[in-house]
Amino acid sequence: MGLKKYDIVDVFSENKLLALTYQEKSYEENKAFVDDSFDIVLNNEYKQYISPILYEALMSLIFKTSIKHFCDDIMPENGMAIDVTGKNYRCFRFWGKDLTDKEIDFHNAKESIDLCKNCEFKGMCMECTANKIDGYKTKLRTAISSIICDKQKLFEYIIERIVLLSKDQNKLKCLVNNFPNFIQYA
């Protein structure tokens with residue numbers, strides 16, 4: 001008979017024991033995670049998990065990409081997800097949900113948040129639009145009127161680390177050459 005591969009989706013919970021915790025870390029904890037992640041990439045420990053914020057920064061800097069929306073993958077011109085009934089969705093996380101394109105576009109637009117609109121790092125920043133729509137905490141806590149975002153400080157810190165690292169060209173080359181081993185697509 002053998003084992004079959006299944007993808008389990010839409011399994012999110014308010015239960016703290018099941019919640020993703022990296023998003024709950026303080027600035028100092030995230031900074032330490034970035035430091036550890038630099039070491040992981042430099043040592044090419046590609047089976048290890050690295051800081052999502054470092055991942056965003058390196059994707060942008062190494063590949064010279066600029067992310068126009070929180071999630072460019074859900075833009076209609078970039079892809080779609082088709083459920084078992086054949087219905088098209090912009091993301092598999094939207095399967096079975098009655099969302100309009102206007103609603104998805106609003107939550108996916110960096111221009112809809114003043115803090116993001118003028119951020120010098122907005123081209124590096126990624127957020128899961130499905131998480132925003134589902135109301136789960138992200139670095140951008142849009143559920144409250146005064147948005148808190150420590151990603152700017154973390155991006156600044158990452159740039160400073162890269163500048164210091166560039167004093168040793170071999171380490172910089174190592175970072176650039178090893179990073180593609182950490183690229184994953186969810």
Run the reach check for Lys122 against aspartates and glutamates, Cα to Cα strictly under 20 Å, same-chain hits fewer than 8 apart removed. What comes back?
Glu56, Asp72, Asp73, Asp105, Glu111, Asp114, Asp150, Glu156, Glu160
Just grab the label-to-label distance for Thr65 and Asp134, each label 7 Å out from Cα along the Cβ direction, in nm (one decimal).
2.2
Starting from the 7 Å offset along Cα-to-Cβ, what nm value, one decimal, do you get for the label separation of Ile183 and Phe92?
2.0
State which entries of Lys87/Lys110; Lys68/Lys132; Lys151/Lys171; Lys68/Lys171 exceed 21 angstrom in Cα-Cα distance in the structure shown.
Lys87/Lys110; Lys151/Lys171; Lys68/Lys171
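Ranked from highest to lowest mean number of other Cβ atoms within 10 Å per residue, what is the order of the peptides 51-58, 33-40, 121-128, 72-79? Each step should come with its number before you reach the end.
Numbers: 51-58: 22.8, 33-40: 17.5, 121-128: 19.9, 72-79: 13.5.
Highest to lowest by the protection proxy: 51-58, 121-128, 33-40, 72-79.
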Determine the distance separating the Cα centre of the range 48-65 from the Cα centre of the range 151-186; give it in Å without decimals.
7
Taking θ as phi - 60°, what are the ³J(HN,Hα) couplings along the range 86-101 by the Karplus curve (6.51, -1.76, 1.60), each to the nearest whole Hz, with x for Gly and Pro?
x, 7, 8, 10, 7, 7, 4, 5, 9, 3, x, 9, 9, 10, 8, 4
Partner aspartates and glutamates whose C-alpha sits under 13 Å from that of Lys97, ignoring same-chain residues fewer than 8 away, are Asp10, Asp83, Asp134
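Laboratory data are not the source of any read-out in this text; all were calculated from the coordinates shown. All values derive from a computational prediction rather than experimental measurement. No Cβ is skipped: glycine too gets one built from the backbone with ideal geometry, and neighbour counts run over all protein chains shown.
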